[in-house]
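Colleague: Got a structure for you, written out below as structure tokens; questions coming shortly.
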Number of protein chains: 2
Amino acid sequence: MAGTRRHGAGRGRPTLEEVAARAGVGRGTVSRVINGSPRVSDRTRTAVEQAVAELGYVPNRVARALAANRADAVALVIPEPETRLFAEPYFSDIIRGVGAELADTDLQLLLTLIRTPKERQRLADYLSAHRVDGVLLVSVHADDPLPDLLERIEMPAVLSGRRSAHESVPYVDSDNTGGAQSAVEHLIGRGRSTVATITGPLDMYVAQCRLEGYGAAVRAAGREVEPELVASADFTEEGGRRAMRQLLDQRPDLDGVFAASDVMAAGARQVLRESGRRVPDDVALVGFEDSAVARHMDPPLTSVRQATEEMGRAMVRVLLEEIEGLSDRTSKRPQMVLPTQLVRRESS
Amino acid sequence: MAGTRRHGAGRGRPTLEEVAARAGVGRGTVSRVINGSPRVSDRTRTAVEQAVAELGYVPNRVARALAANRADAVALVIPEPETRLFAEPYFSDIIRGVGAELADTDLQLLLTLIRTPKERQRLADYLSAHRVDGVLLVSVHADDPLPDLLERIEMPAVLSGRRSAHESVPYVDSDNTGGAQSAVEHLIGRGRSTVATITGPLDMYVAQCRLEGYGAAVRAAGREVEPELVASADFTEEGGRRAMRQLLDQRPDLDGVFAASDVMAAGARQVLRESGRRVPDDVALVGFEDSAVARHMDPPLTSVRQATEEMGRAMVRVLLEEIEGLSDRTSKRPQMVLPTQLVRRESS
DNA sequence: AGGTACTGTGGGAGCGCTCCCAGCGGTGAT
DNA sequence: ATCACCGCTGGGAGCGCTCCCACAGTACCT
């Protein structure tokens, strides 16, 4: 690798030392000014600042990182397969939120896509070597060893979403249960009497929560959850189609469907059309995620919006806290659940 | 900022020195083994490799970067506003491609979202300080100062897309002209006699190219480009709606529309429906990008697919070349155009 | 006057590498 | 035997910072 990689060009830039010489002070003093230490007299500070400006000095992060043994960087880890699965713009939104919140920090964002176990191992090595100050983990699976590894090496980390009801690692999640519940309540409120649901893979906590919300709404309306009205799929469009067919088979009389993702709703919508049913006249349909897909469906899909960008921001805030206050490991781990919001469109 | 950022934990990991001690060799030798230098005897190499394995040694990138004055990282720069504009999954695809190609490299991916001029300046400083080995620039505007700055400081860079017909910086682009042309040829081939186009903002080269392709196809069919059949918009859905209304106003008899983006096509589709026209029976519609939106429209939208992920990969390959062979700056700058492909669906 | 207690400051040491030069023993030509 | 040269090796110097100790200077007490 590496090989002839270019150097040289970076040399020649002013260093701390040169700034110090120009300002007529010592290295330590310049460092203090740069890092905003209060123990510097105003006269000195001004002199240093002037020298910095004149020389166009920019601190060398690498040297700083080596000396201080910190990285000034956080990693955002995304399992690559997920980027295909999730309906956009989930990841862009997370990334945007993370980027925004990181902007007024001097932390860098390292993006890591994991696609093979080998790459996961490489990442693990990398993280063990403490080359970042913290880690943001997006959509981890229950069996992912990374969170525990990070816990063990005391690397600050935040998850988007929980792996289970009693998640031990700090996380930011959206209110999947509440969102699903409000979606189904909405359906029932609009007079639908036979509301089915298409769930995600039930080994994923997020899918469990959304199903849970469905059940809560159904029971709140004084009804029972009928197994025949529940079909599970895998968050894909094809899965949505299959589940919808199954549902239609079992209960041709259904008049409402809550799909646990927009993409599955899109699949369901096709099957409904094929079966000659109109949306929303015959069957009302609601999705989850409020992605681009929802807005562009025909009719536009009612869906549960998550504050995805805000999740990204919140994750960074939580991570920052973890990084700062790493000492009190015993104290409460910050965990937060962001509200969702039903966006009504013509499909219901 | 910074403040109490945690350290310490990274210490205690084995260093080059310890590996050397354990293997009974000198520091330099271990370094040579690690970096795959050929000037090491097999005996020594084996001994070192064993010591590395036993100690679980992972080289410290930061120290390496400082000593070698290279960063082992490339930056992917994305103007934040664009992430909203473009129909997904454009960015995820680029990112995925970049990530994939970077995976078998020991380069890290630094993601930088630019949202304000201030942030752009910060990035410029950062880049001037040569803290990365190369830069990937996504969807730069013609007036963006970054490419020239990079040129000046001799920082390897690659653009996705060109700023103009005579782009001087290395780039990877997709064949916008050809793609648009084949879309329009398809429309004409299907017997459409009055084909209109909705363009992007014509100060963007990509929009010019797509319009160019439209014109080429029209002329190839022995017709003239009628100004009344061209409406320009801004790549947004609302823009697509407006342009479609204008087109319908000017030429109510049109029977085909090529929209230079799927999102604009989605807007156009709504207006067509409102005006009582059926797609494709009355008006055939084709988009560009082949995004999720296209697949989920009703009817599903014929669209021009770009090899977006492949663009990401290609960008990295080109960048790597630039980084390696930076010496021969005089030689040809690698520039490549990736083919597009028409994906036929029910809208045409 | 001497002590104590600050604030500000300079600069040595050291972070973990790479680079490079000198030095080793061995080989072949003179 | 002498010299040149080779492949391989060890380790000094140095990358640009931060950390921290020591010390000057001032101020305020006894």
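Colleague: Total Å² of accessible surface buried at the A-B contact, 1.4 Å probe, nearest 100?
Modeller: Roughly 6000 Å² of accessible surface disappears when A and B pair.
Colleague: If you don't mind, there's one more thing I want to ask. May I ask you to work out the translational diffusion coefficient for the protein assembly as shown at 10 °C, viscosity 1.306 mPa s, via Stokes-Einstein with Rh from the Kirkwood sum over Cα pairs, reported in whole µm²/s? Don't skip to the answer; put the middle values down first.
Modeller: Numbers: Rh = 27.8 Å.
It diffuses with D of about 57 µm²/s by this estimate.
Colleague: I'd like the mean, over residues of B:131-144, of how many other protein chain beta carbons sit within 10 Å of each residue's own Cβ. Present the calculation step by step, with values, prior to reporting the outcome.
Modeller: Values: counts 6, 1, 5, 2, 0, 0, 0, 0, 0, 0, 0, 0, 0, 0.
Per residue, the number of nearby Cβ atoms from other chains is 1 on average.
Colleague: Same structure again: Once the label point is set 7 Å along the Cα-to-beta-carbon vector, what list of distances in nm do you get between B:ASP281 and its counterparts in the other copies?
Modeller: Values, ascending and in nm: 1.5.
Colleague: Another question, then. Would you mind listing the distances between the A:ARG43 label point and the same position in each other copy? Use 7 Å along Cα-to-C-beta, nm, one decimal, shortest first.
Modeller: Sorted ascending, the copy-to-copy spacings read 6.6 nm.
Colleague: Going out from 0 in 10 Å bins, what whole percent of all Cα-Cα distances in segment B:205-348 drops into each bin?
Modeller: Spelled out per bin, shortest first, that is 11, 36, 29, 13, 9, 3, 0.
Colleague: Measuring with a 1.4 Å probe in the full set of protein chains, what accessible area per residue, in whole Å², belongs to segment B:16-59? Don't jump to the answer; show the numbers that get you there.
Modeller: Numbers: 2730 Å² over 44 residues.
Averaged over the residues of segment B:16-59, the accessible area is 62 Å².
Colleague: Among A:ASN176, A:TYR126, A:ALA53, whose Cα projects farthest towards the positive end of the dipole of segment A:47-178, with charges put on the beta-carbon of Lys, Arg (+1) and Asp, Glu (-1)?
Modeller: Positive-most Cα among the choices belongs to A:TYR126.
Colleague: If each DSSP helix of 4+ residues adds -39,500 (n - 2.57) and the sum is divided by the residues in chain A, what number results at 222 nm, nearest 500 deg cm²/dmol? List each step's numbers first, then the result.
Modeller: Working: 14 runs with 156 residues, N = 348.
Helix-only estimate at 222 nm: -13500 deg cm²/dmol.
Colleague: Given +1 on the Cβ of Lys and Arg, -1 on the Cβ of Asp and Glu, and no further charges, what dipole in debye does the protein assembly as shown carry about its Cα centre, rounded to the nearest 20? Display every interim value, and only then the final one.
Modeller: On the way: 90 positive and 100 negative charges, 389 e Å.
Charge dipole of the protein assembly as shown: 1880 debye, to the nearest 20.
Colleague: Residue separation times 0.36 nm, minus the C-alpha to C-alpha distance between A:GLU49 and A:GLU151: what's the value?
Modeller: Numbers: separation 102, 0.36 × 102 = 36.72 nm, distance 4.10 nm.
Extra length from A:GLU49 to A:GLU151 when fully extended: 32.6 nm.
Colleague: Counting only DSSP beta bridges with both residues in the protein assembly as shown, what percent are antiparallel, rounded to the nearest 5?
Modeller: Working: 9 of 79 bridges.
Among the beta bridges of the protein assembly as shown, antiparallel pairing accounts for roughly 10 percent.
Colleague: Now for a different question. Give me the percent of accessible area attributable to carbon and sulfur for segment A:213-302, probe 1.4 angstrom. Provide the component values of the computation, followed by the final result.
Modeller: Values: 1440 of 3230 Å².
For segment A:213-302, the apolar C and S fraction of the accessible surface comes to 45 percent.
Colleague: Could you work out the relative contact order of segment A:176-306? I mean the mean sequence separation of Cα pairs under 8 Å and 6+ apart, divided by the number of residues, in percent. Display every interim value, and only then the final one.
Modeller: Numbers: 265 pairs, mean separation 32.6, N = 131.
After rounding, I find 25 percent.
Colleague: Let me ask something additional. Defining a contact as two alpha carbons under 8 Å apart and six or more residues distant in sequence, what relative contact order in percent does segment A:16-59 show? Before the final figure, lay out each step's value.
Modeller: Working: 36 pairs, mean separation 19.3, N = 44.
Taking the mean separation of contacting Cα pairs over the length of segment A:16-59, I get 44 percent.
Colleague: Next question, about the same structure. Which number do you get for Rg(Cα) / (2.2 N^0.38 Å) in chain A? Please list the in-between numbers first.
Modeller: On the way: Rg = 25.9 Å, N = 348, 2.2 N^0.38 = 20.3 Å.
Here the answer is 1.27, to two decimals.
Colleague: Another question about this same structure. Select from B:VAL25, B:PRO81, B:THR199 the residue farthest towards the positive end of the dipole of the protein assembly as shown; place +1 on Cβ of Lys and Arg, -1 on Cβ of Asp and Glu, and compute about the Cα centre.
Modeller: About the Cα centre, the residue reaching furthest to the positive side is B:VAL25.
Colleague: Which semi-axes, in whole Å and largest first, does the equivalent ellipsoid of segment B:136-219 have when worked out from the alpha carbon gyration tensor as the square roots of 5 times its eigenvalues?
Modeller: Result for segment B:136-219: semi-axes of 32, 11, 8 Å.
Colleague: Continuing with this model, one more query. If you place +1 on the Cβ of every Lys and Arg, -1 on the Cβ of every Asp and Glu, and leave all else neutral, what size is the dipole of chain A about its Cα centre, to the nearest 20 Debye? If you can, show how the numbers build up before the last one.
Modeller: Values: 45 positive and 50 negative charges, 243 e Å.
I would put it at about 1160 debye.
Colleague: Looking at segment A:266-348, send over the antiparallel percent of its DSSP beta bridges, to the nearest 5. Provide the component values of the computation, followed by the final result.
Modeller: Working: 4 of 8 bridges.
Rounded to the nearest five, the antiparallel share is 50 percent.
Colleague: A further question follows. Evaluated at 4 °C with a viscosity of 1.567 mPa s, what Stokes-Einstein diffusion coefficient in µm²/s does segment A:16-59 have when Rh comes from the Kirkwood expression over alpha-carbon pairs? Provide the component values of the computation, followed by the final result.
Modeller: Numbers: Rh = 9.8 Å.
Stokes-Einstein gives a translational diffusion coefficient of 132 µm²/s.
Colleague: Right, something else. Starting from the exponent 0.38 and prefactor 2.2 Å, build the expected Rg for segment B:35-193 from its residue count and divide its actual Cα Rg by it.
Modeller: Details: Rg = 21.5 Å, N = 159, 2.2 N^0.38 = 15.1 Å.
Dividing the Cα Rg of segment B:35-193 by 2.2 N^0.38 Å gives 1.43.
Colleague: With a cut-off of 14 Å, note down the residues of segment A:166-207 whose backbone N falls inside the zone around a label point 7 Å from the Cα of A:ARG333 toward its beta carbon.
Modeller: Flagged as within label range: A:166-173.
Colleague: Counting only C-alpha contacts under 8 Å and six or more residues apart, can you give the relative contact order of chain B as a whole percent? The partial results should precede the final answer.
Modeller: Details: 619 pairs, mean separation 59.0, N = 348.
For chain B, the relative contact order is 17 percent.
Colleague: Name the residues of segment B:273-313 whose accessible area falls by at least 40 Å² when all protein chains are present instead of the chain alone, probe 1.4 Å?
Modeller: Flagged in segment B:273-313: B:VAL293, B:HIS296, B:ASP298.
Colleague: Enter the accessible area of A:CYS209 (Å², nearest 10), with the probe set to 1.4 Å and all protein chains included.
Modeller: Its heavy atoms expose roughly 10 Å² to the probe.
Colleague: Further question on the same structure: So, for segment A:176-306, what is the accessible surface per residue at a probe of 1.4 Å, expressed in square angstrom?
Modeller: Numbers: 4630 Å² over 131 residues.
Per-residue accessible area for segment A:176-306 comes out at 35 Å².
Colleague: Tally up the carbon and sulfur contribution to the accessible surface of segment B:82-186 as a whole percent, 1.4 Å probe, everything protein left in place. Working shown, then result.
Modeller: On the way: 1710 of 3510 Å².
Heavy-atom surface of segment B:82-186 belonging to carbon and sulfur, 1.4 Å probe: 49 percent.
Colleague: Once you average over the residues of B:153-165, how many Cβ atoms of partner chains fall within 10 Å of each Cβ?
Modeller: Taking all residues of B:153-165 together, the mean is 1.
Colleague: Determine the dipole magnitude for segment A:16-59: charges of +1 sit on the beta-carbon of Lys and Arg, -1 on that of Asp and Glu, nothing else is charged, the reference point is the Cα centre, and the result goes in debye to the nearest 20. List each step's numbers first, then the result.
Modeller: Numbers: 6 positive and 5 negative charges, 42 e Å.
Result for segment A:16-59 is approximately 200 debye, rounded to the nearest 20.
Colleague: Let me make sure I get this right: for segment A:24-99, a, b and c are the square roots of the gyration tensor eigenvalues over alpha carbons, sorted descending. Under 1.5 in a/c it's rounded, otherwise prolate if a/b > b/c, else oblate. Which is it? List each step's numbers first, then the result.
Modeller: Values: a/c = 3.94, a/b = 2.99, b/c = 1.32.
Because a/c hits 1.5 or more and a/b exceeds b/c, segment A:24-99 counts as prolate.
Colleague: So which GluC sites (Glu not before Pro) in segment A:57-126 pass both tests, a DSSP loop state and at most 13 other Cβ atoms within 10 Å of the Cβ? Numbers along the way, then the final one.
Modeller: Values: sites: A:GLU82, A:GLU101, A:GLU119; in loops: none.
Counting only loop positions with at most 13 other Cβ atoms within 10 Å, none of the GluC sites (Glu not before Pro) in segment A:57-126 qualifies.
The values are calculated or read from the model by the stated rules, or taken from the named source; none is laboratory data. What you see is a predicted model, and the numbers here were worked out from it, not measured in a lab. Neighbour counts run over all protein chains shown; Cβ positions are idealised from the backbone, glycine included. These accessible areas exclude ligands, DNA and RNA; they are computed on the full protein's heavy atoms, side chains included. Shrake-Rupley method; radii C 1.70, N 1.55, O 1.52, S 1.80 Å.
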